[in-house]
1. Can you say whether residue 162 is within 13 Å of the ligand (Cβ to nearest atom) and of a type in the set (Phe, Trp, Tyr), as far as the supplied structure shows?
2. Going by what's in this entry, would residue 187 be described as in contact with a helix residue (DSSP H, G or I) (Cβ under 9 Å, 6 or more places away or on another chain), farther than 16 Å from residue 290 by Cβ and buried (at least 21 other Cβ atoms within 10 Å of the Cβ)?
3. Output the number of the condition that residue 218 fails; it satisfies all remaining conditions of (1) open to solvent by 20 Å² or more (accessible area, probe 1.4 Å); (2) in a helix (DSSP H, G or I); (3) within 16 Å of the ligand (Cβ to nearest atom).
4. When you look at residue 262, is it of a type outside the set (Ser, Thr, Tyr), crowded, with 21+ Cβ neighbours inside 10 Å and in contact with a Gly (Cβ under 7 Å, 6 or more places away or on another chain), yes or no?
5. What residue, among those in the stretch 105-158 that are under 21 Å from the mean Cα position of the chain (by Cα) and aromatic (Phe, Trp, Tyr), is surrounded by the fewest Cβ atoms within 10 Å (Cβ to Cβ)?
6. Among 9, 21, 44, which is the only one that is within 30 Å of residue 246 (Cα to Cα), within 22 Å of the chain's Cα centre (by Cα) and at pLDDT 95 or above?
7. Which is under 17 Å from residue 147 (Cα atoms) and either open to solvent by 50 Å² or more (accessible area, probe 1.4 Å) or away from the ligand (no atom under 16 Å from the Cβ) (or both), of 223, 178, 201?
Amino acid sequence: MTRSAPGVIISGTGSYAPPRIVSNHDLSTQMNTSDEWISSRTGIRERRIAGDGEATASMGCEAGRLAMQDAGVKPSDIDLLVVPTLISDMLFPSAASLIQTRLNLRNVTSFDLSAACSGFIYGLEVVSNMMRSGNYKHALVIGSEKLSSILDWDDRSTSVLFGDGAGAAVLSKVDDTGCGIIDSYTGNDGSKAKLLCMPGGGTAMPATKESLENRDHFLKMNGPEVFKIAVRWMEQSAKIVLKRNNLKPEDIDLFIPHQANLRIIETLARIIKIPKEKFFVNLDRYGNTSAASIPIALDEARQKELIQTGDNVLMIAFGAGLTWGSTLIKWQ
Ligand code: COA
(Lines give C-alpha, C1' and ligand atoms only; values in the text may rest on other atoms or scores of the structure.)
Protein backbone atom coordinates (compact mmCIF):
# COMPACT_ATOMS: atom_id res chain seq x y z
CA MET A 1 0.00 0.00 0.00
CA THR A 2 1.41 3.33 -1.03
CA ARG A 3 0.04 5.84 1.49
CA SER A 4 0.85 6.27 5.13
CA ALA A 5 -0.28 8.10 8.29
CA PRO A 6 -2.75 9.35 9.19
CA GLY A 7 -5.50 7.07 7.90
CA VAL A 8 -8.78 8.32 6.50
CA ILE A 9 -11.78 5.99 6.63
CA ILE A 10 -15.32 6.21 5.35
CA SER A 11 -17.07 6.18 8.72
CA GLY A 12 -20.63 6.53 7.43
CA THR A 13 -22.70 6.57 4.25
CA GLY A 14 -26.17 7.76 3.28
CA SER A 15 -28.25 8.15 0.17
CA TYR A 16 -31.43 9.75 -1.05
CA ALA A 17 -33.54 9.01 -4.10
CA PRO A 18 -36.62 11.09 -4.91
CA PRO A 19 -39.83 9.06 -4.42
CA ARG A 20 -41.09 9.52 -8.00
CA ILE A 21 -40.25 6.44 -10.09
CA VAL A 22 -40.31 6.78 -13.88
CA SER A 23 -40.16 3.43 -15.67
CA ASN A 24 -39.01 2.75 -19.22
CA HIS A 25 -42.64 2.07 -20.04
CA ASP A 26 -43.58 5.53 -18.71
CA LEU A 27 -40.98 7.08 -21.05
CA SER A 28 -42.30 5.07 -23.99
CA THR A 29 -45.63 6.88 -23.61
CA GLN A 30 -43.83 10.25 -24.03
CA MET A 31 -41.25 9.53 -26.75
CA ASN A 32 -40.39 7.02 -29.45
CA THR A 33 -38.62 4.45 -27.27
CA SER A 34 -39.36 1.13 -25.60
CA ASP A 35 -38.57 -0.81 -22.45
CA GLU A 36 -36.96 -3.43 -24.70
CA TRP A 37 -34.55 -0.89 -26.31
CA ILE A 38 -33.56 0.83 -23.08
CA SER A 39 -33.13 -2.28 -20.95
CA SER A 40 -31.27 -4.29 -23.62
CA ARG A 41 -28.87 -1.42 -24.51
CA THR A 42 -28.29 -0.11 -20.99
CA GLY A 43 -29.70 -2.38 -18.26
CA ILE A 44 -31.79 0.56 -16.97
CA ARG A 45 -35.41 -0.26 -16.07
CA GLU A 46 -36.44 2.83 -14.14
CA ARG A 47 -35.03 6.04 -12.68
CA ARG A 48 -36.00 8.53 -9.97
CA ILE A 49 -37.03 12.04 -10.97
CA ALA A 50 -36.97 14.92 -8.49
CA GLY A 51 -40.29 16.47 -7.58
CA ASP A 52 -41.28 20.12 -7.42
CA GLY A 53 -39.21 21.88 -4.80
CA GLU A 54 -36.42 19.29 -4.89
CA ALA A 55 -33.00 20.38 -6.14
CA THR A 56 -29.32 19.52 -5.83
CA ALA A 57 -28.94 20.96 -2.32
CA SER A 58 -32.15 19.55 -0.83
CA MET A 59 -31.36 16.01 -2.04
CA GLY A 60 -27.75 16.36 -0.91
CA CYS A 61 -28.92 17.42 2.57
CA GLU A 62 -30.98 14.24 2.95
CA ALA A 63 -28.05 12.01 1.98
CA GLY A 64 -25.64 14.01 4.14
CA ARG A 65 -27.89 13.82 7.19
CA LEU A 66 -28.12 10.02 6.87
CA ALA A 67 -24.35 9.69 6.42
CA MET A 68 -23.70 11.71 9.61
CA GLN A 69 -26.24 9.57 11.47
CA ASP A 70 -24.55 6.39 10.20
CA ALA A 71 -21.11 7.69 11.23
CA GLY A 72 -22.38 8.78 14.65
CA VAL A 73 -21.15 12.36 14.19
CA LYS A 74 -22.93 15.65 14.80
CA PRO A 75 -23.02 18.63 12.40
CA SER A 76 -20.60 20.41 14.74
CA ASP A 77 -18.06 17.59 14.21
CA ILE A 78 -17.84 18.23 10.45
CA ASP A 79 -15.08 20.63 9.44
CA LEU A 80 -14.94 20.08 5.67
CA LEU A 81 -17.76 19.75 3.12
CA VAL A 82 -17.21 18.99 -0.56
CA VAL A 83 -20.09 18.59 -3.01
CA PRO A 84 -19.26 16.92 -6.32
CA THR A 85 -22.05 17.90 -8.71
CA LEU A 86 -22.63 18.72 -12.35
CA ILE A 87 -24.97 21.54 -11.54
CA SER A 88 -26.01 23.27 -8.35
CA ASP A 89 -29.37 24.87 -7.60
CA MET A 90 -28.02 28.01 -9.30
CA LEU A 91 -24.74 28.94 -11.02
CA PHE A 92 -23.50 30.46 -7.78
CA PRO A 93 -23.17 30.29 -4.87
CA SER A 94 -22.16 26.65 -4.58
CA ALA A 95 -24.43 23.79 -3.55
CA ALA A 96 -21.97 23.40 -0.66
CA SER A 97 -22.99 26.88 0.58
CA LEU A 98 -26.68 25.94 0.51
CA ILE A 99 -26.07 22.56 2.16
CA GLN A 100 -23.76 24.07 4.78
CA THR A 101 -26.47 26.29 6.20
CA ARG A 102 -29.30 23.76 5.95
CA LEU A 103 -27.29 21.05 7.73
CA ASN A 104 -26.10 23.61 10.27
CA LEU A 105 -22.41 22.88 9.59
CA ARG A 106 -21.06 25.96 11.31
CA ASN A 107 -17.32 25.49 11.11
CA VAL A 108 -16.62 24.17 7.66
CA THR A 109 -14.52 24.84 4.64
CA SER A 110 -16.95 24.04 1.84
CA PHE A 111 -16.96 24.03 -1.94
CA ASP A 112 -18.37 22.26 -4.99
CA LEU A 113 -16.22 20.04 -7.16
CA SER A 114 -16.73 19.76 -10.91
CA ALA A 115 -15.64 16.39 -12.29
CA ALA A 116 -19.02 15.17 -13.55
CA CYS A 117 -19.66 11.44 -13.03
CA SER A 118 -16.12 11.00 -11.62
CA GLY A 119 -16.86 13.67 -9.01
CA PHE A 120 -17.15 11.37 -6.00
CA ILE A 121 -13.80 9.71 -6.77
CA TYR A 122 -12.20 13.13 -7.26
CA GLY A 123 -13.87 14.20 -4.01
CA LEU A 124 -12.40 11.29 -2.06
CA GLU A 125 -8.95 12.06 -3.49
CA VAL A 126 -9.08 15.77 -2.66
CA VAL A 127 -10.74 15.43 0.75
CA SER A 128 -8.63 12.53 2.03
CA ASN A 129 -5.45 14.42 1.15
CA MET A 130 -6.72 17.65 2.69
CA MET A 131 -7.44 15.65 5.83
CA ARG A 132 -4.02 14.01 5.83
CA SER A 133 -2.20 17.30 5.50
CA GLY A 134 -4.54 19.60 7.38
CA ASN A 135 -6.41 19.90 10.64
CA TYR A 136 -9.69 18.41 9.43
CA LYS A 137 -11.08 15.52 11.48
CA HIS A 138 -14.43 14.72 9.86
CA ALA A 139 -15.50 15.61 6.33
CA LEU A 140 -18.66 15.18 4.32
CA VAL A 141 -18.50 14.37 0.62
CA ILE A 142 -21.94 14.61 -0.99
CA GLY A 143 -22.55 13.73 -4.64
CA SER A 144 -25.91 15.22 -5.59
CA GLU A 145 -27.48 15.57 -9.02
CA LYS A 146 -30.77 16.78 -10.46
CA LEU A 147 -29.99 15.73 -14.02
CA SER A 148 -33.65 15.82 -15.02
CA SER A 149 -33.33 19.63 -15.07
CA ILE A 150 -30.72 19.55 -17.88
CA LEU A 151 -32.03 16.63 -19.95
CA ASP A 152 -33.57 17.22 -23.35
CA TRP A 153 -36.76 15.18 -23.08
CA ASP A 154 -37.07 15.43 -26.89
CA ASP A 155 -33.75 13.56 -27.28
CA ARG A 156 -34.37 9.86 -26.72
CA SER A 157 -30.66 9.00 -27.06
CA THR A 158 -29.74 10.84 -23.84
CA SER A 159 -32.84 11.45 -21.72
CA VAL A 160 -33.53 7.75 -21.04
CA LEU A 161 -30.08 7.22 -19.53
CA PHE A 162 -30.05 9.51 -16.50
CA GLY A 163 -31.81 10.02 -13.17
CA ASP A 164 -31.76 12.14 -10.01
CA GLY A 165 -30.42 11.37 -6.53
CA ALA A 166 -27.73 11.95 -3.93
CA GLY A 167 -25.17 9.87 -2.07
CA ALA A 168 -22.90 10.89 0.78
CA ALA A 169 -19.97 9.69 2.84
CA VAL A 170 -18.46 10.93 6.10
CA LEU A 171 -14.68 10.67 6.05
CA SER A 172 -12.90 10.49 9.41
CA LYS A 173 -9.23 10.73 10.30
CA VAL A 174 -7.96 7.70 12.27
CA ASP A 175 -4.63 6.53 13.73
CA ASP A 176 -4.76 3.18 11.93
CA THR A 177 -2.93 3.69 8.64
CA GLY A 178 -3.66 0.24 7.24
CA CYS A 179 -7.35 0.79 6.56
CA GLY A 180 -9.63 3.28 4.85
CA ILE A 181 -8.77 5.13 1.66
CA ILE A 182 -5.56 3.45 0.58
CA ASP A 183 -4.97 4.93 -2.83
CA SER A 184 -6.67 6.74 -5.68
CA TYR A 185 -5.87 7.73 -9.22
CA THR A 186 -7.68 10.37 -11.26
CA GLY A 187 -7.30 11.71 -14.79
CA ASN A 188 -8.88 13.96 -17.41
CA ASP A 189 -8.68 14.41 -21.19
CA GLY A 190 -10.24 17.79 -21.97
CA SER A 191 -9.66 17.35 -25.71
CA LYS A 192 -12.77 15.11 -25.61
CA ALA A 193 -14.90 17.69 -23.77
CA LYS A 194 -17.43 18.07 -26.57
CA LEU A 195 -18.37 14.37 -26.51
CA LEU A 196 -20.39 15.01 -23.34
CA CYS A 197 -21.28 18.56 -22.39
CA MET A 198 -23.94 21.24 -21.95
CA PRO A 199 -22.93 24.09 -24.27
CA GLY A 200 -25.29 26.80 -23.03
CA GLY A 201 -25.57 28.74 -19.79
CA GLY A 202 -21.87 29.27 -19.14
CA THR A 203 -19.71 32.28 -19.98
CA ALA A 204 -19.12 31.17 -23.59
CA MET A 205 -22.82 31.02 -24.35
CA PRO A 206 -24.99 32.89 -21.90
CA ALA A 207 -28.71 32.32 -22.35
CA THR A 208 -30.18 34.05 -25.40
CA LYS A 209 -33.35 33.52 -27.37
CA GLU A 210 -31.26 31.62 -29.95
CA SER A 211 -29.53 29.39 -27.42
CA LEU A 212 -32.90 28.46 -25.95
CA GLU A 213 -34.35 27.74 -29.39
CA ASN A 214 -31.27 25.61 -30.25
CA ARG A 215 -31.79 23.61 -27.04
CA ASP A 216 -28.21 24.44 -26.02
CA HIS A 217 -29.10 24.38 -22.33
CA PHE A 218 -29.43 20.60 -22.32
CA LEU A 219 -26.91 17.78 -21.99
CA LYS A 220 -25.43 16.63 -25.33
CA MET A 221 -23.59 13.36 -25.77
CA ASN A 222 -22.01 11.17 -28.41
CA GLY A 223 -22.97 7.90 -26.69
CA PRO A 224 -21.05 5.34 -28.76
CA GLU A 225 -17.76 7.33 -28.55
CA VAL A 226 -18.15 7.89 -24.81
CA PHE A 227 -18.87 4.18 -24.36
CA LYS A 228 -15.54 3.15 -25.94
CA ILE A 229 -13.45 5.67 -24.03
CA ALA A 230 -15.25 4.88 -20.76
CA VAL A 231 -14.33 1.22 -20.96
CA ARG A 232 -10.70 2.02 -21.80
CA TRP A 233 -10.16 4.51 -18.99
CA MET A 234 -12.10 2.62 -16.35
CA GLU A 235 -9.88 -0.38 -17.11
CA GLN A 236 -6.69 1.71 -17.11
CA SER A 237 -7.44 3.54 -13.87
CA ALA A 238 -8.36 0.30 -12.09
CA LYS A 239 -5.18 -1.38 -13.32
CA ILE A 240 -2.99 1.56 -12.26
CA VAL A 241 -4.35 1.49 -8.69
CA LEU A 242 -4.13 -2.30 -8.47
CA LYS A 243 -0.56 -2.38 -9.80
CA ARG A 244 0.84 0.26 -7.51
CA ASN A 245 -0.68 -1.54 -4.51
CA ASN A 246 0.57 -5.00 -5.58
CA LEU A 247 -2.96 -6.32 -5.90
CA LYS A 248 -4.54 -8.53 -8.54
CA PRO A 249 -8.16 -8.08 -9.63
CA GLU A 250 -9.06 -11.25 -7.71
CA ASP A 251 -7.81 -9.59 -4.47
CA ILE A 252 -10.73 -7.13 -4.71
CA ASP A 253 -13.81 -8.26 -2.76
CA LEU A 254 -16.23 -5.79 -4.33
CA PHE A 255 -15.99 -3.51 -7.37
CA ILE A 256 -18.26 -0.47 -7.30
CA PRO A 257 -18.29 0.96 -10.82
CA HIS A 258 -19.99 4.14 -11.99
CA GLN A 259 -23.56 3.13 -12.84
CA ALA A 260 -23.92 4.35 -16.44
CA ASN A 261 -24.58 1.27 -18.54
CA LEU A 262 -24.64 -2.46 -17.71
CA ARG A 263 -22.84 -3.20 -20.98
CA ILE A 264 -19.94 -0.94 -19.90
CA ILE A 265 -19.74 -2.80 -16.58
CA GLU A 266 -19.93 -6.24 -18.23
CA THR A 267 -17.27 -5.29 -20.78
CA LEU A 268 -15.02 -4.02 -17.99
CA ALA A 269 -15.51 -7.24 -15.99
CA ARG A 270 -14.64 -9.30 -19.07
CA ILE A 271 -11.49 -7.28 -19.84
CA ILE A 272 -10.11 -7.46 -16.32
CA LYS A 273 -11.23 -11.11 -16.12
CA ILE A 274 -13.40 -10.86 -13.03
CA PRO A 275 -16.86 -12.48 -12.69
CA LYS A 276 -19.48 -9.78 -13.21
CA GLU A 277 -21.13 -10.85 -9.93
CA LYS A 278 -18.25 -9.09 -8.14
CA PHE A 279 -19.45 -5.77 -9.61
CA PHE A 280 -22.17 -4.00 -7.66
CA VAL A 281 -25.02 -2.93 -9.93
CA ASN A 282 -28.09 -0.83 -9.12
CA LEU A 283 -28.41 1.17 -12.35
CA ASP A 284 -31.52 -0.84 -13.23
CA ARG A 285 -33.35 1.21 -10.56
CA TYR A 286 -31.64 4.60 -10.83
CA GLY A 287 -30.07 5.03 -14.28
CA ASN A 288 -26.96 7.21 -14.37
CA THR A 289 -27.00 9.68 -11.47
CA SER A 290 -23.54 11.10 -12.28
CA ALA A 291 -21.63 12.13 -9.12
CA ALA A 292 -24.31 10.52 -6.95
CA SER A 293 -23.97 7.13 -8.63
CA ILE A 294 -21.01 5.65 -6.73
CA PRO A 295 -21.97 6.94 -3.25
CA ILE A 296 -25.55 5.65 -3.68
CA ALA A 297 -24.12 2.27 -4.77
CA LEU A 298 -21.66 2.26 -1.85
CA ASP A 299 -24.45 2.97 0.61
CA GLU A 300 -26.66 0.24 -0.84
CA ALA A 301 -23.79 -2.26 -0.88
CA ARG A 302 -23.28 -1.56 2.82
CA GLN A 303 -26.99 -1.90 3.57
CA LYS A 304 -26.95 -5.28 1.82
CA GLU A 305 -23.92 -6.22 3.99
CA LEU A 306 -21.79 -6.84 0.91
CA ILE A 307 -18.81 -5.07 2.53
CA GLN A 308 -17.12 -6.58 5.60
CA THR A 309 -14.17 -5.55 7.76
CA GLY A 310 -10.91 -6.17 5.90
CA ASP A 311 -12.52 -6.19 2.45
CA ASN A 312 -10.78 -4.52 -0.47
CA VAL A 313 -13.26 -2.31 -2.33
CA LEU A 314 -12.38 -0.70 -5.67
CA MET A 315 -14.57 2.13 -6.95
CA ILE A 316 -14.15 3.04 -10.63
CA ALA A 317 -15.63 6.10 -12.31
CA PHE A 318 -15.85 7.80 -15.65
CA GLY A 319 -17.56 10.99 -16.81
CA ALA A 320 -17.68 14.26 -18.72
CA GLY A 321 -14.35 16.05 -19.04
CA LEU A 322 -13.63 13.40 -20.04
CA THR A 323 -12.65 12.41 -16.50
CA TRP A 324 -11.95 9.09 -14.85
CA GLY A 325 -10.63 7.66 -11.59
CA SER A 326 -10.40 4.76 -9.17
CA THR A 327 -10.27 4.63 -5.38
CA LEU A 328 -9.05 1.65 -3.37
CA ILE A 329 -10.48 1.20 0.12
CA LYS A 330 -9.65 -1.39 2.77
CA TRP A 331 -12.82 -1.43 4.83
CA GLN A 332 -12.24 -0.92 8.55
N1 COA B 1 -35.05 4.26 -27.93
C2 COA B 1 -35.08 3.67 -29.12
N3 COA B 1 -34.12 3.83 -30.05
C4 COA B 1 -33.10 4.64 -29.74
C5 COA B 1 -33.01 5.30 -28.49
C6 COA B 1 -34.04 5.09 -27.58
N7 COA B 1 -34.04 5.67 -26.36
N8 COA B 1 -31.88 6.03 -28.48
C9 COA B 1 -31.25 5.84 -29.66
N10 COA B 1 -32.00 5.00 -30.43
C11 COA B 1 -31.71 4.50 -31.77
C12 COA B 1 -30.80 5.41 -32.55
O13 COA B 1 -31.53 6.45 -33.15
C14 COA B 1 -30.20 4.46 -33.55
O15 COA B 1 -31.13 4.27 -34.58
P16 COA B 1 -30.65 4.10 -36.11
O17 COA B 1 -29.78 2.87 -36.12
O18 COA B 1 -31.92 3.94 -36.85
O19 COA B 1 -29.90 5.33 -36.42
C20 COA B 1 -30.13 3.14 -32.79
O21 COA B 1 -31.00 3.28 -31.66
C22 COA B 1 -28.74 2.77 -32.30
O23 COA B 1 -28.18 3.90 -31.70
P24 COA B 1 -26.72 3.85 -31.12
O25 COA B 1 -26.39 5.19 -30.55
O26 COA B 1 -25.76 3.26 -32.10
O27 COA B 1 -26.94 2.77 -29.95
P28 COA B 1 -25.88 2.13 -29.00
O29 COA B 1 -26.00 0.66 -29.02
O30 COA B 1 -24.51 2.72 -29.16
O31 COA B 1 -26.41 2.59 -27.56
C32 COA B 1 -26.09 4.22 -25.85
C33 COA B 1 -26.52 3.96 -27.29
C34 COA B 1 -26.23 5.73 -25.60
C35 COA B 1 -26.99 3.45 -24.93
C36 COA B 1 -24.63 3.76 -25.67
O37 COA B 1 -23.83 4.27 -26.71
C38 COA B 1 -24.08 4.19 -24.35
O39 COA B 1 -24.55 3.81 -23.31
N40 COA B 1 -22.99 4.98 -24.37
C41 COA B 1 -22.37 5.43 -23.14
C42 COA B 1 -23.13 6.61 -22.64
C43 COA B 1 -22.89 6.88 -21.21
O44 COA B 1 -23.04 6.04 -20.38
N45 COA B 1 -22.49 8.11 -20.93
C46 COA B 1 -22.30 8.60 -19.61
C47 COA B 1 -20.92 8.35 -19.19
S48 COA B 1 -20.69 9.02 -17.64
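The values are calculated or read from the model by the stated rules, or taken from the named source; none is laboratory data. Quick caveat, the model's predicted, so the values are computed rather than measured. Quick reminder, even Gly has a Cβ in these numbers, built from the backbone with ideal geometry, and neighbours come from all protein chains shown. With ligands, DNA and RNA removed, areas are computed over all heavy atoms of the protein, side chains included. Shrake-Rupley method; radii C 1.70, N 1.55, O 1.52, S 1.80 Å.
1. Yes, satisfied.
2. no
3. Single failed check for residue 218: (2).
4. no
5. Top of the filtered list is 111.
6. Being within 30 Å of residue 246 (Cα to Cα), within 22 Å of the chain's Cα centre (by Cα) and at pLDDT 95 or above holds for just one of 9, 21, 44, which is 9.
7. Among 223, 178, 201, only 201 is under 17 Å from residue 147 (Cα atoms) and either open to solvent by 50 Å² or more (accessible area, probe 1.4 Å) or away from the ligand (no atom under 16 Å from the Cβ) (or both).
Here's the yes/no breakdown for (1) of a type in the set (A, V, I, L, M, F, W, C); (2) more than 12 Å from the chain's Cα centre (by Cα); (3) closer than 20 Å to residue 120 by Cα:
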position	(1), (2), (3)
271	yes, yes, no
281	yes, yes, yes
291	yes, no, yes
296	yes, no, yes
317	yes, no, yes
326	no, no, yes
